[in-house]
1. To check you understand DSSP bridge types, tell me what percent of the beta bridges within the chain (both residues inside) are antiparallel, rounded to 5.
2. Between rounded, prolate and oblate, where does the stretch 168-302 land on the alpha carbon gyration tensor, with a ≥ b ≥ c its root eigenvalues, rounded for a/c under 1.5, else prolate if a/b exceeds b/c?
3. Using a 10 Å cut-off on Cβ atoms, rank the peptides 119-125, 259-265 from the highest mean neighbour count down.
4. How would the stretch 162-206 be classified by its alpha-carbon gyration tensor: rounded, prolate or oblate, with rounded meaning a/c under 1.5 and the a/b versus b/c comparison settling the rest?
5. Take every Cα pair under 8 Å in the chain that's 6+ residues apart, average their separations, divide by the length, and report that relative contact order as a whole percent.
6. Taking neighbour Cβ counts within 10 Å as the exposure measure, how do Asp279, Asp201 sort from fewest upward?
7. Which order do the peptides 246-254, 283-291 take when ranked by the mean count of other beta-carbon atoms within 10 Å per residue, highest first?
8. Where the eigenvalues come from the Cα gyration tensor of the chain, what are the semi-axes √(5λ) of the equivalent ellipsoid, largest first, in whole Å?
Amino acid sequence: MANIQDVARHAGVSTSTVSNVLNGRTNQMRKDTLARIEAAMAELGYRPNRAAQQLKTGQTTLLGLLVPSIVNPSFATLARAVDQAAQDGHGYRVLLGNTYRERDKEERFFDDLLSLGVRGVIVVSSEIELEHFRAAIGRGLVMVTYDSASRARPEAAGLGIDSVSMDNVEAGRMAARHLIDRGCRRLAFVTEAGRTISRRDKIEGFLSAAAEAGVDARIIEGKAASGYGDTEMADLGRALAAAVVGTEPRPDGVVAINDMAAIGLSAGFRSLGVRVPEDISLIGIDDMFLSALIAPAITSVSPPIPAMAKLMVDRLIARLSDPTIPVEEVLFAPTLAERQSVRNR
């Protein structure tokens, strides 16, 4: 069985250079050197002993990713982008956990990650100021949060957690403005009743755009059967279609909290004999791939997921190497993916 010395001799490099590859330290390495080492590993059938590496270094080339539920395709898209950024950019792999935004599940996942030697984790959560986050950080976990920008949240200060998010205020504003620009004058924002930070910010942007334009705007919400409804958004959207149609005066433009809710609304409107976009224009937020496949295809506000995933992984790896780097909160600008669910002016 080949060992690290065999790989080094075959590639014509030092064992420390091979070790850098095994531990994801390739940022400063020449591409041809990396290619030779990878080719040598493949030719010799070399497989690193991860258990031995962990005993030696106290950590492993794994990162954690905790999402509310992989059932929601937007989180599946995020997971794929994070996995690609970790593997292609750093030679790390990703352990995925579904938390359903429940504190006890988050806490157990933190325990599991630490027991496996995993020290870097990306978390989709709205409550990073809670004690179990502080406790996990105190035990050595390095965190980046996704979609939970902590603007005006002094209770979250000092945790040393980087935050990466789409500008959700601008996303809500962009969705409302697009409807207004297309002639809609009675707007509704449809959402699950549980308020996460990103949902609050989207609503804020929506209401501010409506107020600036002087158009009617209201919030229509429903309660999911469990948690914050991350696994039930399509069903919730379909159920709330009747509430939208029954509102007087009936909205002529609707923003859905996300694309799964928008797809549910579209199905609900269709069952009620209401046409999209002829009777009601509809726009989602998060631009998941399914939105382009239904009829009519859903117009949506789009976050730059690959760029966000890359930054989150890069920040984790950097902070693992140097815990003293300044904490950053980064907001990415959304864009609009125009399709057929919003009427022409």
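No lab work stands behind these numbers, since they all come straight from the coordinates. A quick note: this is a predicted structure, and the numbers were derived from the prediction, not measured. Don't worry about glycine lacking a Cβ; one is built from the backbone with ideal geometry, like all the others, and counts go over all protein chains shown.
1. In the chain, DSSP labels about 5 percent of beta bridges as antiparallel.
2. rounded
3. Highest-to-lowest ranking by the protection proxy: 259-265, 119-125.
4. oblate
5. About 16 percent, as a whole number.
6. By the 10 Å Cβ count, ascending: Asp279, Asp201.
7. 283-291, 246-254
8. 44, 21, 17
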